Each structure stands twice: as C-alpha cells, then as structure tokens.
Amino acid sequence: MPVKPKDYSFTEAVDSYRIDEEPFQPSTLENIDTTLFEFIEAMKIFATTNKGWKPVPTIWVSAERAYQIKHNRDLRNGEGFFTLPVITVERISVNKDLNRKGSFYGNSHTNDRGGSIVIARRINQDKTQNFANADSYRLNKQENFPTIAPGKKNTKIIYQTATMPQPVYVDIAYSITLRAEYQQQINEMVEPFITIGKHINYFPLYYGGHTFEGFVQQDFSIENNVSNLQEEERKYETKVDIKVLGHIVGEGKNQDTPKIVWKENIVDVKIGRERSVFDDPIEWEHNLQKDHKFRE
C-alpha cells in the first residue's frame, strides 16, 4: 500500500536557506500511487446498506496479503470474504509515452552532479564580502571601504544556485473497481466518478509540492451475474479506468547523486604569473639586495 512520506513546504525550505533540507518531496511511482489513492478516499463515497447510509471502504489491492489480513480484518465476514460494497484500486500499467510528455520536455543540460533545472538562487554573503574587502584593502589599505563608484554595480557577487534533475513524464493507468451486492449501491458509487471534471474528464492531483494530471476514461465497464440463476450470491462490478500523467524526479533510493545540487558561480579568474620570464624582483627577501631578481 502506498505510504505517505514526510511533508515539506517549498516556501519554508527555500526561505530558510538551509542546504540540508529538500524544498519538496521526491516524486516517485509510490508517491503518485498515494496521490490517487488519497484522492479517491477524499471523495467520501457512501452507499445504502442494510445498516443504513454507510461509507464505502477503499482498498489498495496490491498490498501484501499479510497487510490486508491485519488491517482489513473488520471488512471481512466470518468466512474471510470482503463485506460488500467496497472500492479497490490497482495500478495496471506504466507507459513512457513520448506523445504525452508533459509541460517540460527536451534534452536539457545536466551538470556533473546530476542537476538540470534551476529551482532557487541566493547570494553567499560571506564570500561576496571577502571579495569586496580584498578589493578595498588592495586599493585603500583598509577593509570595508567603499570601492564601487556611484551608479555602478558590484560585479563580484557569489551566487549559490540550486538545481534538480529533469522530471521524466510517465503515463500510469489505474483500475478502480466498484463491487456491490445491489444495483442501487453501484449507482450510488459510480455517480461521483462520472461527475469528476464536470463535462471534461480532467482533474488535477496535488501532493507534496507536485501537481499530477488525472484523466477519467470514457468507458465504465459493467459486469454482473444477474443472468445466472444459480445459487451463488449476486455481485455487481463496475470498473473505472483512470490515467495519471505524472513525473519521476531522480532515481529514488538508487540515485547516487544529490537530489538537490548547490553550485557557485565564478567571479574572478586568477592566472599565476611566471616571475622568472618577466625578470621580477624578489620582494619578500629582505636580507638580499633590492635588485636581486628571480633569474639570479
């Protein structure tokens, strides 16, 4: 069953200027599963039962059997079968379709540490101050002395830039199965899915600073055993297919590079001068004569 990871605030993480914090949750297949599962749970679908107007439980069917037996014990009868009605959610396919590539696509530049997209930038106050003090001392023999002429800008500013890996879009298909014993229950359960998105089939999904796009498919397949006049119990099933256009950021736990890469810009380039070629004097040798040079 999808597990909800720790929640992060993008604004708080960026404004706090802490490098050890992540400005948003990583986007993985498990997070996308959790997003859709919680969306269906938040729909709060009810149905009429022999005990009145009751909420319909939502179950992630791909969870381990031991987990289902332990956590869904109250939903089973004495023989171990689920008490209907019930809603089950299952991921049935993952497709990397180039025709559904999302809003950000293309082969962007990736630096040596895996960063590709700039998400934040800030000024490194300490290093910028060091450059300003060095120029001030070199020109005026005094630190913290103004060296920038009025109307001009300081060109030696150190910026720290945060980059993240490029998102890879995937088209994920889910099958939501509505199971009930009566036609009335199926009608009450399927109507909220029909009205998602009003006259269109699109609805957004928000989770952990990410936005995914959900699309309800047009076919609501209906299955039942009403025509079978045998002694087995009557069952009604309606399958609702939902496709989610999500994105994967990074490689999850298998990623060997940082999730957020911080780098600094270059403001000054220093090239060591060959003093012997230019016949410079040795300035720090006080015991020697003033005309003592590197060539000698």
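Summary of values
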{"quantity": "Residue count for segment 200-212, restricted to those that are closer than 14 Å to Asp241 by Cα and not hydroxyl-bearing (Ser, Thr, Tyr)", "calculated": "2"}
{"quantity": "Residue among Ile282, Ile266, Ile242, Ile260 that is surrounded by 10 or more Cβ atoms within 10 Å (Cβ to Cβ), at pLDDT 85 or above and on the phi < 0 side of the Ramachandran plot", "calculated": "Ile242"}
{"quantity": "Subset of segment 1-57 [at pLDDT 90 or above, of a type in the set (A, V, I, L, M, F, W, C) and more than 12 Å from the chain's Cα centre (by Cα)]", "calculated": "Leu36, Phe37, Phe39, Ile40, Ala42, Met43, Ile45, Phe46, Ala47, Trp53, Val56"}
{"quantity": "Members of segment 196-214 that are within 14 Å of Ile40 (Cβ to Cβ) and at pLDDT 90 or above", "calculated": "Ile196, Phe203, Leu205, Phe212, Gly214"}
{"quantity": "Residue count, segment 28-47 (criterion: aliphatic (A, V, I, L, M) and part of a helix (DSSP H, G or I))", "calculated": "5"}
{"quantity": "Filter pass, Thr177 being more than 30 Å from Val269 (Cα to Cα), part of a strand (DSSP E or B), touching a residue at least 12 places away in the same chain (Cβ under 8 Å) and in contact with a Ser or Thr (Cβ under 9 Å, 6 or more places away or on another chain)", "calculated": "yes"}
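The values are calculated or read from the model by the stated rules, or taken from the named source; none is laboratory data. Everything numeric here is computed off the predicted structure, so don't read it as measured data. Quick reminder, even Gly has a Cβ in these numbers, built from the backbone with ideal geometry, and neighbours come from all protein chains shown.
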